[in-house]
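Asker: Below are the structure tokens for one structure; questions will follow.
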Amino acid sequence: MSMRRKTELNAEGFTVKATLKNAVVVGPRASRVFHECPAKPSTFRKYYERGELPIAVKHENRGNSIAWKVDVETLDYHHYLPLFFDGLTETAFPYELFARQGIHDMLDRGGPKILPVIPQLIMPIRNALNTRNHQVMCTTMKVLQHLVMSADKVGEALVPYFRQILTVFNLFKNKRKNLGDGIDYDQLEKEDIGKLINETLQIFERYGGPDAYINIKYMIPTYQSCLMN
């Protein structure tokens, strides 16, 4: 039987301790800040299932990849690049493979087509990060690194959107795996979220122009400049 003491003042002003039977003290609620927020099936998945994406699975000895049915350089980037970024929330095969590799292929070959599409990419990036899914977040970090270095001025174009995409960075920046004396194979494959976040922030600072650092620092006060130190 749970019991709790309650302190009160009686009519004469003296302190009286009373016992409340069956009282249960409830602790604070567990923080859900790191809990996953599952995403709904993406628009990217719907397009693929309707056969409206110019891609197919390519089976190779070293694993699966994607085959483009058209030249990537001829794609309408305003339509396809945001659509593929929308697929970053996917974790199931083949949607995850198509979205991830499709984005990297388009960033490799997009050149000047990429910069004008940046505003359309912010919401898919934010949605992917907000899933708080380990796999999705790591994939998105690598995509962001590639995006920043994919074409001139892209890093600077992202700076005004830091307040929308860096909130989750701040939550997970110091999150590390602790496996004792074991080998962290995810770290060997650059799958450590904390490390990837720090690498991504450094790339943002290097390629984001003169306003990048102050905007990163505003969102992530613990960030230390990689250029000033």
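The values are calculated or read from the model by the stated rules, or taken from the named source; none is laboratory data. All values reported here derive from a predicted model rather than from experimental measurement. Here Cβ is always computed from backbone atoms with ideal geometry, including for glycine, and neighbour counts include all displayed protein chains. The accessibility values were calculated without ligands, DNA or RNA, using every heavy atom of the protein model including side chains. Shrake-Rupley method; radii C 1.70, N 1.55, O 1.52, S 1.80 Å.
Asker: Considering only region 89-107, I want to know if a residue exists there that is over 25 Å from E199 (Cβ atoms) and in contact with a Phe, Trp or Tyr (Cβ under 6 Å, 6 or more places away or on another chain).
Answerer: no
Asker: Further question: Scan region 114-137 and report the pairs whose first residue is under 18 Å from E156 (Cα atoms) and whose second residue is open to solvent by 10 Å² or more (accessible area, probe 1.4 Å) and basic (K, R), with Cβ atoms within less than 7 Å and a gap of 6+ or a chain change.
Answerer: From region 114-137, the pairs are L115/K153.
Yes/no per residue for (1) within 26 Å of P112 (Cα to Cα); (2) β-branched (V, I, T); (3) at pLDDT below 95; (4) touching a strand residue (DSSP E or B) at 6+ places or on another chain (Cβ under 8 Å):
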site	(1), (2), (3), (4)
H59	no, no, yes, no
S65	yes, no, yes, yes
D76	yes, no, no, no
L81	yes, no, no, no
D86	yes, no, no, no
E90	no, no, no, no
P94	no, no, yes, yes
L97	yes, no, yes, yes
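Asker: Can you tell me which residue is farthest from P124 (Cα to Cα) among those in region 144-197 that are among the hydroxyl-bearing types (S, T, Y), modelled with pLDDT of 80 or more and assigned to a helix (DSSP H, G or I)?
Answerer: T167
Residue-by-condition table, conditions (1) of a type in the set (A, V, I, L, M); (2) within 28 Å of T167 (Cα to Cα); (3) over 12 Å from the mean Cα position of the chain (by Cα):
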site: A56; (1), (2), (3): yes, no, yes
site: S65; (1), (2), (3): no, no, yes
site: L121; (1), (2), (3): yes, yes, yes
site: M137; (1), (2), (3): yes, yes, no
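Asker: Further question on the same structure: Going residue by residue through region 16-38, is there one that turns out to be surrounded by 12 or more Cβ atoms within 10 Å (Cβ to Cβ), closer than 24 Å to G102 by Cβ, modelled with pLDDT of 60 or more and of a type outside the set (D, E)?
Answerer: Scanning region 16-38 turns up no residue that is surrounded by 12 or more Cβ atoms within 10 Å (Cβ to Cβ), closer than 24 Å to G102 by Cβ, modelled with pLDDT of 60 or more and of a type outside the set (D, E).
Asker: Scan region 80-95 and report the pairs whose first residue is under 20 Å from V70 (Cα atoms) and whose second residue is among the hydroxyl-bearing types (S, T, Y), with Cβ atoms within less than 7 Å and a gap of 6+ or a chain change.
Answerer: Listed pairs, sorted by first residue: L83/T43; L83/Y47; G87/S42; G87/Y95; Y95/Y48.
Asker: May I ask you to list the residues in region 115-173 that are open to solvent by 60 Å² or more (accessible area, probe 1.4 Å), under 18 Å from A99 (Cβ atoms) and among the polar types (S, T, N, Q)?
Answerer: Within region 115-173, Q120, N127, Q135 meet the criteria.
Asker: Just to check your reading of the model, which residue among R50, R100, R62 is among the basic types (K, R) and surrounded by 18 or more Cβ atoms within 10 Å (Cβ to Cβ)?
Answerer: R100
Asker: Suppose we filter region 69-90 for residues that are open to solvent by 50 Å² or more (accessible area, probe 1.4 Å) and of a type outside the set (V, I, T); how many remain?
Answerer: Step one: filter region 69-90 for residues open to solvent by 50 Å² or more (accessible area, probe 1.4 Å), giving 69-71, 73-74, 76, 78-79.
Filter once more, keeping what is of a type outside the set (V, I, T): 69, 71, 73, 76, 78-79.
The total comes to 6.
Asker: Identify, please: which residue in region 200-226 is closer than 14 Å to Q145 by Cβ and part of a loop (DSSP other than H, G, I, E, B) and is, among those, most open to solvent (accessible area, probe 1.4 Å)?
Answerer: C226
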